[in-house]
Structure formats: structure tokens, C-alpha cells
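The values are calculated or read from the model by the stated rules, or taken from the named source; none is laboratory data. Nothing here was measured: the structure is a model prediction, and the numbers come from that model. Ideal geometry is used to build each Cβ from the backbone, glycine not excepted, and the neighbour counts take in all protein chains shown. Quick note on the areas: whole protein, heavy atoms, side chains included, nothing else; ligands and nucleic acids left out. Shrake-Rupley method; radii C 1.70, N 1.55, O 1.52, S 1.80 Å.
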Amino acid sequence: MATSLEETLISVWQQALVENARNVKLENRTFLVRRTSRSRLREVDFQFEGHELRGLEQNPETASRWAQLARQGKKVMQFLQQSRYIAVVVDGKLQFYGKPVLE
């Protein structure tokens with residue numbers, strides 16, 4: 001059964017940040033959760049309907065409003081497509097930056 005983009009992003013967030021999984025499982029595929037070299041943040045590259053996406057744990061050491069939430073203990077993951085932020089999930093709640101473009 002195909003899932004929506006919203007369900008997929010929340011699932012990636014759940015598996016990577018809440019369950020602390022080493023791999024994210026989406027339908028019949030598995031994607032490795034890595035740590036970034038500098039800040040040791042979790043990131044995962046995955047596909048949704050043929051589009052390459054990346055989930056990146058929010059760095060709490062930056063000055064953004066999302067970092068402030070991360071410093072408060074909230075689990076924050078940003079999602080990118082082609083180096084452009086398209087969405088964020090904070091403690092299981094999804095917010096898109098404008099309309100997501102999957103072209």
C-alpha cells in the first residue's frame with residue numbers, strides 16, 4: 001500500500017529520532033541512518049515516489065527557531081530535496097515550507 005508524503009516523512013522521523021534505528025524501512029526498501037562528520041547529527045537519504053530526499057536531524061547549536069526547540073528537548077528533523085528545505089517534523093508534527101515540489 002502506497003503511503004503519502006506526509007506519512008513517509010513522519011515515519012522517517014519516528015524511526016531515525018524516536019526509535020534510534022540504524023536503518024529506516026519504507027515499504028520494501030531500507031535506507032541507512034548515518035551520522036554527519038562534524039556535528040554527529042543523524043541523516044538519512046531516501047526515496048519517495050522516485051524523488052531523492054534527505055532527512056537531517058536539527059543541530060541544536062545553531063540560532064534557528066528549530067534549534068531552539070531541539071535545545072528544549074524536542075525531536076526535530078528537517079527534510080530536503082535537492083539541497084532545498086521542504087518540511088520539518090517536530091515531535092511528530094509535520095510542517096511544510098510552502099507547497100512541496102516533487103518534480
For this session: Name the single residue, out of those in segment 75-103 being of a type in the set (A, V, I, L, M) and touching a helix residue (DSSP H, G or I) at 6+ places or on another chain (Cβ under 8 Å), that is surrounded by the fewest Cβ atoms within 10 Å (Cβ to Cβ).
Result: LEU102
Seminar exercise, completed: If we ask which residues in segment 35-50 are open to solvent by 30 Å² or more (accessible area, probe 1.4 Å), outside any strand (DSSP E or B) and not hydroxyl-bearing (Ser, Thr, Tyr), their number turns out to be 4
Seminar exercise, completed: Matching residues in segment 11-26 (under 20 Å from GLY92 (Cβ atoms), part of a loop (DSSP other than H, G, I, E, B) and open to solvent by 80 Å² or more (accessible area, probe 1.4 Å)) number 2
For this session: State which residue pairs qualify: first residue at pLDDT 90 or above and of a type in the set (Val, Ile, Thr) and inside segment 84-103, second residue outside any loop (DSSP other than H, G, I, E, B) and open to solvent by 40 Å² or more (accessible area, probe 1.4 Å) in any location, beta carbons under 8 Å apart, and separation of 6 or more residues or different chains.
Result: ILE86/PHE96; VAL88/LEU94; VAL88/GLN95; VAL89/ILE10; VAL89/GLN95; VAL90/LEU69
Exercise. What number goes with the only condition from (1) at pLDDT 95 or above; (2) in contact with a helix residue (DSSP H, G or I) (Cβ under 6 Å, 6 or more places away or on another chain); (3) not hydroxyl-bearing (Ser, Thr, Tyr) that PRO60 does not pass?
Worked result: (1)
Seminar exercise, completed: Reported set for segment 57-74 where residues are among the hydrophobic types (A, V, I, L, M, F, W, C) and open to solvent by 40 Å² or more (accessible area, probe 1.4 Å) is ALA63, LEU69
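If you check LEU53, LEU32, LEU5, which single one turns out to be surrounded by 15 or more Cβ atoms within 10 Å (Cβ to Cβ), under 14 Å from the mean Cα position of the chain (by Cα), modelled with pLDDT of 95 or more and not small (Gly, Ala, Ser)?
Working: LEU32 fails: surrounded by 15 or more Cβ atoms within 10 Å (Cβ to Cβ); LEU5 fails: modelled with pLDDT of 95 or more.
None of the other options fit; the residue is LEU53.
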